[in-house]
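Colleague: Pasting a structure below so you can have a look.
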Amino acid sequence: MAPSSDSVTWFWQTLREKISQGRHSPAEDSESGADLKRFKLVQTTDTKGTIPDILHWANSFDIHAKQWLILGKGPSYSLVKNVDLANYYTCSLNHVLREHPVDLAHIIDIDVVADCSESIERNARFLILPFFPHDNHRPTKRTLYDFVNAIPILRSMHDQGRLVWYNLSTSKKQVDCSPVVTAKFFSAEAAVNILAICGVKTIRSLGVDGGSSYAPNYHDLESKTLLTNKHASFDRQFENIARTIRTKKINYAPLHKESPIRVFVGTDKTQMLAARVLEYSIKKHASMTVDFVPMIDLPVPIPKDPANRPRTGFSFSRFLIPSLCGHKGRAIYLDADMLVLADIAKLWDMNMDGVDILCAEQPSKRGRIRQYSVMVLNCSNLVWEIDEIVAGLDVGRYNYLHLMHDFCLVRQDRIEASIPYEWNSLEIFEKDKTCLIHYTDMPTQPWVSFRNPNGLFWYNAFREAVLEGFISKLEFYREVEQGHVSPDLPKRIGLAAHRDHERLSKEFIPPYKRFSKN
């Protein structure tokens, strides 16, 4: 039975007074609490039994029996009314558990526990908090055991075996027997990371949105909790969610969106390092899982007329995308010589009502024609077959320019140049605007030359990818050996030169020159 609200209020006020006095917790003062490394499961003399950490909790039942659904307070939470929650394991963030029962109630701030005490008892199968909970968005020096001994609802959840703890990265102290959960801005980051650490591979969400508003269910909380941590919007949470997706290799997406994001990249073997850096840059910023597909050495017929032959080894590969997708859903096409600086979900989410191709129009002052090197395709309506397309070139139904520059395979009223040019910025960077840099000038592409004025963005992304292990040094040095990138590229990002650097430097001819010679 839940304690009365008056009781909780009294305990909470008393606890706030103790926190404000800055006293150390018993766990800091006692001999047993000082050496947390010795404990597999942490305990105190005041509380009978132990509180399991996330790994012990995850091993206590089959967490893979259902797909996990994280529920936050953002606008998309409103869609929950269309979902049969019985099909999912549910994880609520903060006050969401007041709306319906959940399997896991995740709370970081101890004041939310006080606010939701009755809902916790009624709706939370398990309650999970940091070992050092936050108070008013800041980590305390008090352990979860201190709060269990002070707050009745936590004592009740502990006694029933329904309380779980984890190490949160914001705390100066950690319990070494358990992994550290990373979160910097909002609780959704921690929830995604917790489930990934526990081995969950597929996670969906509702109410984990960007922007700065709540769903109508939570309008009463706006003056009390909305962005009270002083961040301008909820967008920052996706930085760490993207890192968890990338490093833990999980499938994460909002439940109401088509997923994963499918990105097909035109490339050849000489641009595979560029493609890998592009992949890293996409996944660094992506708020949901991305399937990245380099289209290399695909079976494409060669037109009979040399004038109609592809200008690169991958020029025609984009026409294979609908069939590779089984003519279902949407897909994104990019060239390999690009770098993404923003969340590609913004491209993925663009409205395609009534059209089959989205592309980018360049500003008229730049004198560049419409670009089809960044596209969103409605694969359900594009019944392209590459043999038929090349046959059309051979019989003269169209020529190379009509095919590639006018995109004559698609009716013009089914093409819309609504992608902002910032998503295909040709050799130009504008602060706070550019979302994708396209390195179109082959002699100054950053992997073969150090003269590109926007090369620093590419080098930084490359360095991060190597440091993270996303791109291995062995993979990189192999590209140097094969003459696909400048032999001086290692030192550009702070790595040792290739052991055969002198010879490779003398012999290096940029791939675009070898192509033109052939």
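Colleague: List every residue whose amide H lies under 5 Å from the amide H of Asp135, counting only residues 5 or more places away in sequence or on a different chain, with H placed 1.01 Å from N in the peptide plane.
Modeller: So Asp135 has HN proximity to Ile110, Thr140.
Colleague: To continue, here is another question. Expressed as a whole percentage, what fraction of the accessible surface of segment 162-218 belongs to carbon and sulfur atoms when a 1.4 Å probe is rolled over the protein heavy atoms?
Modeller: 49
Colleague: Where Rh is the Kirkwood radius over the Cα pairs of the chain, the temperature 4 °C and the viscosity 1.567 mPa s, what D in µm²/s does Stokes-Einstein return?
Modeller: Numbers: Rh = 26.0 Å.
Taking Rh from Cα pairs, D becomes 50 µm²/s.
Colleague: Nearest 5 percent is fine: what portion of the DSSP beta bridges confined to the chain is antiparallel? Mind showing how you got there, number by number?
Modeller: Numbers: 13 of 56 bridges.
Here the share of antiparallel DSSP bridges comes out near 25 percent.
Colleague: Now for a separate question. Could you pull the Cα extents of segment 163-233 along its three principal axes, largest to smallest, in whole Å?
Modeller: Between the extreme Cα coordinates on each principal axis of segment 163-233 lie 40, 30, 24 Å.
Colleague: Name the residue from Ala196, Tyr218, Phe234 whose Cα lies farthest towards the positive end of the charge dipole of segment 184-289, charges +1 on Cβ of Lys and Arg and -1 on Cβ of Asp and Glu.
Modeller: With unit charges placed on the Cβ atoms, the residue in question is Ala196.
Colleague: Straight-line reach from Lys506: which aspartates and glutamates fall under 15 Å, measuring Cα to Cα and dropping same-chain residues less than 8 apart?
Modeller: Of all the aspartates and glutamates, those that pass the test against Lys506 - Cα under 15 Å, at least 8 places apart if same chain - are Glu481, Asp488.
Colleague: Leaving out ligands, DNA and RNA, what percent of the accessible area of segment 224-319 is carbon and sulfur, probe 1.4 Å?
Modeller: 52
Colleague: Let me ask something else. Averaging sequence separations of C-alpha pairs under 8 Å and six or more residues apart, then dividing by the length of the chain, give the relative contact order as a whole percent.
Modeller: Values: 887 pairs, mean separation 52.5, N = 518.
Dividing the mean separation by the residue count of the chain yields 10 percent.
Colleague: Using only the alpha carbons of segment 66-202, what is the convex hull's orientation-averaged projected area in square nanometres?
Modeller: Reported value for the Cα convex hull: 8.2 nm².
Colleague: Okay, next question. What lysines could a cross-link reach from Lys304, if we take a straight Cα to Cα line under 25 Å and drop same-chain neighbours fewer than 8 places away?
Modeller: Cross-link targets: Lys269, Lys513, Lys517.
Colleague: Shifting gears a bit: How large is the direction-averaged shadow of the alpha-carbon convex hull of segment 368-441, in nm²?
Modeller: Details: hull surface 24.8 nm².
Over every viewing direction, the Cα hull of segment 368-441 projects on average to 6.2 nm².
Colleague: A 18 angstrom limit on the alpha carbon distance is what I want to check against. Which of Lys141/Lys248; Lys248/Lys284; Lys141/Lys173; Lys249/Lys284 exceed it?
Modeller: Details: Lys141/Lys248 30 Å; Lys248/Lys284 13 Å; Lys141/Lys173 9 Å; Lys249/Lys284 13 Å.
From Lys141/Lys248; Lys248/Lys284; Lys141/Lys173; Lys249/Lys284, over 18 Å: Lys141/Lys248.
Colleague: Also, quick follow-up: Just need log10 I(q)/I(0) for segment 62-140 at q = 0.28 Å⁻¹, Debye formula, equal scatterers on the alpha-carbon atoms, no solvent, rounded to two decimals.
Modeller: -1.35
Colleague: Same structure, new question: Quote the accessible area belonging to Lys346 in square angstrom, nearest 10, computed with a 1.4 Å probe and with ligands, DNA and RNA left uncounted.
Modeller: Surface open to solvent at Lys346 totals about 130 Å².
Colleague: Given the -39500 (n - 2.57) contribution per DSSP H run of 4+ residues, what per-residue ellipticity at 222 nm results for the chain, rounded to the nearest 500 deg cm²/dmol? Present the calculation step by step, with values, prior to reporting the outcome.
Modeller: Details: 21 runs with 159 residues, N = 518.
Calculated at 222 nm, the ellipticity per residue is -8000 deg cm²/dmol.
Colleague: Let me ask something else about it. Hey, can you grab everything whose amide H is under 5 Å from the amide H of Leu426? Only 5+ residues off in sequence or another chain; H modelled, so Pro and N-termini drop out.
Modeller: Residues meeting the criterion, in which the H sits 1.01 Å from N, are His438.
Colleague: Let me ask another. Considering Cα pairs under 8 angstrom that are at least six residues apart, work out the relative contact order of segment 154-216 and quote it in whole percent.
Modeller: Working: 39 pairs, mean separation 11.7, N = 63.
For segment 154-216, the relative contact order is 19 percent.
Colleague: Please give the per residue accessible area of the chain, computed with a probe of 1.4 Å over protein heavy atoms only, in Å². Please report the intermediate quantities before stating the final value.
Modeller: Numbers: 23400 Å² over 518 residues.
I get 45 Å² per residue for the chain.
Colleague: Pull up all non-local amide H partners of Ile203: gap of 5 or more, or a different chain, and H-to-H distance under 5 Å with H placed in the peptide plane.
Modeller: Asn251, Tyr252, Ala253
Colleague: Return, in residue-number order, each cysteine of the chain whose C-beta is not under 4.7 Å from any other cysteine's C-beta.
Modeller: Cys91, Cys116, Cys177, Cys198, Cys359, Cys408, Cys435
Colleague: Along segment 133-142, what does the Karplus equation 6.51 cos²θ - 1.76 cosθ + 1.60 (θ = phi - 60°) give for ³J(HN,Hα), rounded to whole Hz, x for Gly and Pro?
Modeller: x, 8, 10, 6, 6, 10, x, 8, 8, 8
Colleague: Which ³J(HN,Hα) values in Hz, rounded to whole numbers, follow from the phi angles of segment 62-72 under the Karplus curve 6.51 cos²θ - 1.76 cosθ + 1.60, where θ = phi - 60° and Gly and Pro get x?
Modeller: 7, 6, 9, 5, 9, 6, 8, 10, 8, 10, x
Colleague: Sorted by average packing, counted as other Cβ atoms within 10 angstrom per residue and highest first, what order do 120-127, 182-189 take?
Modeller: On the way: 120-127: 19.2, 182-189: 21.0.
Averaged packing, sorted descending, gives the order 182-189, 120-127.
Colleague: Give me the percent relative contact order of segment 256-318, please, defined on Cα pairs under 8 angstrom at least 6 residues apart. Mind dumping the intermediate values first?
Modeller: Numbers: 62 pairs, mean separation 27.3, N = 63.
Result for segment 256-318 is 43 percent.
Colleague: Provide the per-residue ³J(HN,Hα) series for segment 173-181, in order, calculated from phi with Karplus coefficients 6.51, -1.76, 1.60 and θ = phi - 60°, each as a whole number of Hz, with x at glycine and proline positions.
Modeller: With the stated coefficients, segment 173-181 comes to 9, 10, 8, 5, 7, 9, x, 9, 8 Hz.
Colleague: For a quick check of understanding: with a 1.4 angstrom probe and all protein chains in place, what accessible area in square angstrom does Asp413 have, to the nearest ten?
Modeller: Asp413 exposes around 90 Å² with every protein chain in place.
Colleague: What is the sum of charges around Gly72, taking Lys and Arg as +1, Asp and Glu as -1, for the other residues whose C-beta is under 15 Å from the C-beta of Gly72?
Modeller: Working: positive: Lys73, Arg98, Arg204, Arg236, Lys257; negative: Glu99, Asp109, Glu189, Asp209, Glu222, Asp235.
Overall, the nearby charge balance is -1.
Colleague: Could you work out how far helix 272-285 tilts from the main Cα principal axis of the chain, as a 0 to 90 degree angle to the nearest 10?
Modeller: Tilt of helix 272-285: around 30 degrees.
Colleague: Within 10 Å, count the other beta carbons around each residue, average over each peptide in 226-238, 434-446, and list them highest first.
Modeller: Values: 226-238: 15.2, 434-446: 20.1.
Result, highest mean first: 434-446, 226-238.
Colleague: How much of the accessible area of segment 375-518, in percent, comes from carbon and sulfur atoms when a 1.4 Å probe is used?
Modeller: On the way: 3840 of 7530 Å².
In segment 375-518, the share of accessible area belonging to carbon and sulfur is 51 percent.
Colleague: Kindly rank 55-61, 101-107 from highest to lowest mean number of other beta carbons found within 10 Å of each residue.
Modeller: Values: 55-61: 15.6, 101-107: 23.3.
Top of the packing list down: 101-107, 55-61.
The values are calculated or read from the model by the stated rules, or taken from the named source; none is laboratory data. Computed from a prediction, not measured in an experiment: that's the story for all the values here. For neighbour counting, all protein chains shown are included, and Cβ atoms are generated from backbone atoms with ideal geometry for every residue, glycine included. The protein model used for the area step is the full one, side chains on, heavy atoms only, and it has no ligands, DNA or RNA in it. Shrake-Rupley method; radii C 1.70, N 1.55, O 1.52, S 1.80 Å.
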